[in-house]
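The structure appears right after this line, and notes come after that.
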Amino acid sequence: MSKIKVGILGATGNVGQRFVQILHNHPWFEISALAASERSAGKAYGEVANWKVGTEIPDSVADLEVVTIDPKKIDADIVFSAVPSDFAKTVEESFAREGFVVSSNASAFRMEKDIPLAIPEVNPDHLGLIDIQKKNRKWDGCIVTNPNCSTIMMAVTLKPLLQFGLESVNIATMQAISGAGYNGIYAMSIYENVVPYIGNEEEKIQTESLKIFGHFDGSVVKNADLKISASCHRVPVIDGHTEAIWATMKSNPKPEEVREAFLKFDPGLSHLPTEPKHPIIVRDEPDRPQPRLDRDMGKGMSVSVGRIREGIRYVALGHNTIRGAAGASVLNAELLKEKGYL
């Protein structure tokens, strides 16, 4: 079976490099184009990528010539977008108009009514919005988005709790510096410090979650009747977002019941290459999960949970640039292929 050609937009950045790392040996996809700014265009990827996410740049892409972010420059069936959100608004639309499937990590289109905000383990039925999107916008292609990195980790753990009648969620995040990009936060600002504010992060968690858990009636997604309150903080950790979560549920389950729900959670996606065997891993040690010890579980795609207590209160942790970014977009693309959109 021939592989599907894929392009990466913003390939030299932090999330773009994660896309390269995940896709270079993918069984279904083959990297055919790496796109970045005009500053990098015309040069070999190995020359311009300040590689941060592995021991070395994969040989399969090191000599690949970087092109500008232009639909006419890219030979691919699907593109993965890691461009800044203000740029994504025009760029991603231009690719969708030209017939590309766009799997985006950017926030530009997440809250558009006819564009899926998808987590395959949580709301795969929302991909039904694609047909409505293409009809409404008269696009030959389409755009599918994944949520904010913190939202993804929280939502994956909340999915198995819906059976208990989830009513409200409070969350306090401790977010890694890689979430701000290479130049997003100065070392002197974060070293020996905690920054109790991340621009728009709390709003994203609170609004995106309502769409993610909303009901798709075949034409629109109706927001979930769910109360969510978030407080977000940047901490001196390189990779891995930690979240303290308080969940209120109608049936008031015991911690043992919640633990069992986490352990039994099986969204039926293990046949997809990027989906881990255990999307949720329960840590019973009193001091886990921890970023250094648990962020790479399931090749960075598992969410670890622990400290499940009366209330219900628990701690969740996931790799922010894999599970919360590039890996999420790749998993969305795998589901698109399975559903016949590729």
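The values are calculated or read from the model by the stated rules, or taken from the named source; none is laboratory data. Keep in mind it's a predicted model, so treat the numbers as computed, not measured. Cβ: placed from backbone, ideal geometry, glycine included. Neighbour counts: every protein chain shown. To get the accessible areas, we keep the full protein, side chains included, count just its heavy atoms, and leave off ligands, DNA and RNA. Shrake-Rupley method; radii C 1.70, N 1.55, O 1.52, S 1.80 Å.
Starting at 0 and stepping by 10 Å, how many percent of the alpha carbon pairs of the range 1-129 end up in each bin?
P(r) for the range 1-129, in whole percents per bin: 13, 44, 34, 9, 0.
The range 162-260: percent of C-alpha pairs farther apart than 17 Å? Before the final figure, lay out the partial values.
Details: 2949 of 4851 pairs.
Result: 61 percent of Cα pairs exceed 17 Å.
At 1.4 Å probe size, with the rest of the protein present, what percent of the exposed accessible area of the range 214-315 is carbon and sulfur atoms?
Details: 2640 of 5440 Å².
After summing per-atom areas, the C and S share lands at 48 percent.
Once you have all Cα-Cα distances for the range 10-67, histogram them in 5 Å bins from zero and send the whole-percent values.
4, 21, 36, 26, 11, 2, 0
Would you work out what percent of the accessible area of the range 1-71, with all protein chains in place, is carbon or sulfur (probe 1.4 Å)?
Working: 1450 of 3400 Å².
Exposed carbon and sulfur together represent 43 percent of the surface.
Using the Karplus curve 6.51 cos²θ - 1.76 cosθ + 1.60 with θ = phi - 60°, what ³J(HN,Hα) values do you get for each residue of the range 187-197, in whole Hz, with x for Gly and Pro?
4, 5, 7, 9, 4, 6, 7, 10, 9, x, 7
Give me the net charge for the shell around P291: Cβ to Cβ below 15 angstrom, other residues only, Lys and Arg +1, Asp and Glu -1. Mind dumping the intermediate values first?
Working: positive: R234, R283, R288, R292, R295, R307, R323; negative: D239, E243, E285, D287, D294, D296.
So the environment of P291 carries a net charge of +1.
Per residue of the chain, what 222 nm ellipticity follows from adding -39500 (n - 2.57) for every DSSP H run with n ≥ 4, rounded to the nearest 500?
It lands at -7500 deg cm²/dmol.
Among T145, T248, T55, whose mean-square fluctuation peaks in a Gaussian network model of the chain (Cα, cutoff 10 Å)?
Between T145, T248, T55, it is T55 that shows the largest mean-square fluctuation.
With an 8 Å cut-off on Cα pairs and a minimum separation of 6 or more residues, tell me the relative contact order of the chain in percent. Intermediate values should be presented prior to the final figure.
Details: 774 pairs, mean separation 58.2, N = 342.
RCO, the chain: 17 percent.
Which one, V169, V53, V156, has the greatest fluctuation when you compute a Gaussian network model over the chain with C-alpha springs under 10 angstrom?
Among V169, V53, V156, the largest GNM mean-square fluctuation belongs to V53.
Only Cα pairs under 8 Å and at least 6 apart count here; give the relative contact order of the range 196-242 as a rounded whole percent.
Values: 42 pairs, mean separation 20.0, N = 47.
With pairs under 8 Å counted, the relative contact order is 43 percent.
Which whole-Hz couplings ³J(HN,Hα) result when phi for each residue of the range 40-47 is put into the Karplus expression 6.51 cos²θ - 1.76 cosθ + 1.60, θ = phi - 60°, listed in order with x for Gly and Pro?
Along the range 40-47, the couplings run 9, 4, x, 10, 5, 4, x, 7 Hz.
What does a probe at R309 reach in the range 228-262, counting residues whose amide N is under 14 Å from the point 7 Å along Cα→Cβ?
Answer for the range 228-262: 244-247, 255.
What fraction of the Cα pairs in the range 253-329, stated in percent, has a spacing above 21 angstrom?
Values: 787 of 2926 pairs.
That fraction is 27 percent.
Equivalent ellipsoid semi-axes for the chain, as square roots of 5 times the alpha carbon gyration tensor eigenvalues: give them largest first, rounded to whole Å.
31, 24, 18
Quote the relative contact order of the range 1-84 in percent (integer), defining contacts as alpha-carbon pairs under 8 Å separated by 6+ residues.
Details: 170 pairs, mean separation 35.6, N = 84.
Worked out over the range 1-84, it gives 42 percent.
With just the Cα atoms defining each centre, how far is the range 104-177 from the range 1-52? Give it in Å.
When both Cα centres are located, 24 Å separates them.
Any idea how far the Cα center of the range 302-321 sits from the one of the range 188-219, in Å?
Taking the Cα centre of the range 188-219 as reference, the centre of the range 302-321 is 16 Å away.
In a shell of Cβ-Cβ distance under 14 Å around E121, excluding E121 itself, what net charge do Lys and Arg (+1) and Asp and Glu (-1) give? Let's see the in-between values first.
Details: positive: K159, K264, K277, R323; negative: D125, D266, E275, E334, E338.
Here the charged neighbours net out to -1.
Add +1 for every Lys or Arg and -1 for every Asp or Glu among the other residues with Cβ under 9 Å from the Cβ of A44, and state the total. Write out the running numbers ahead of the final one.
Values: positive: K43; negative: E47, D63, E65.
Charge balance near A44 sits at -2.
Rounded to the nearest whole Å³, what is the per residue volume of the convex hull around the Cα atoms of the range 119-223?
Working: hull volume 14.2 nm³, N = 105.
With only Cα atoms used, the range 119-223 gives 135 Å³ per residue.
Suppose all protein chains stay in the model; what accessible area per residue would a 1.4 Å probe give for the chain, in Å²?
45
Would you mind telling me which residue in M188, M249, M297 has the biggest mean-square fluctuation in a Gaussian network model of the chain, where springs connect alpha carbons within a distance under 10 angstrom?
Ranking M188, M249, M297 by mean-square fluctuation puts M188 first.
Against the 2.2 N^0.38 Å scaling, with N counting residues, where does the range 87-181 land? I'd like the Cα-based Rg ratio to two decimal places. Mind showing how you got there, number by number?
Details: Rg = 15.3 Å, N = 95, 2.2 N^0.38 = 12.4 Å.
Against the compact-globule rule of thumb, the ratio is 1.23.
Using a Debye calculation, one point per C-alpha and no hydration shell, please list log10 I(q)/I(0) for the range 133-182 at q = 0.16, 0.20, 0.23, 0.28 Å⁻¹ in order.
Scattering profile of the range 133-182, log10 relative to I(0): -0.73, -0.83, -0.89, -1.11.
Mind checking the angle between helix 14-23 and the chain's longest principal axis? C-alpha axes, 0 to 90 degrees, to the nearest 10.
80
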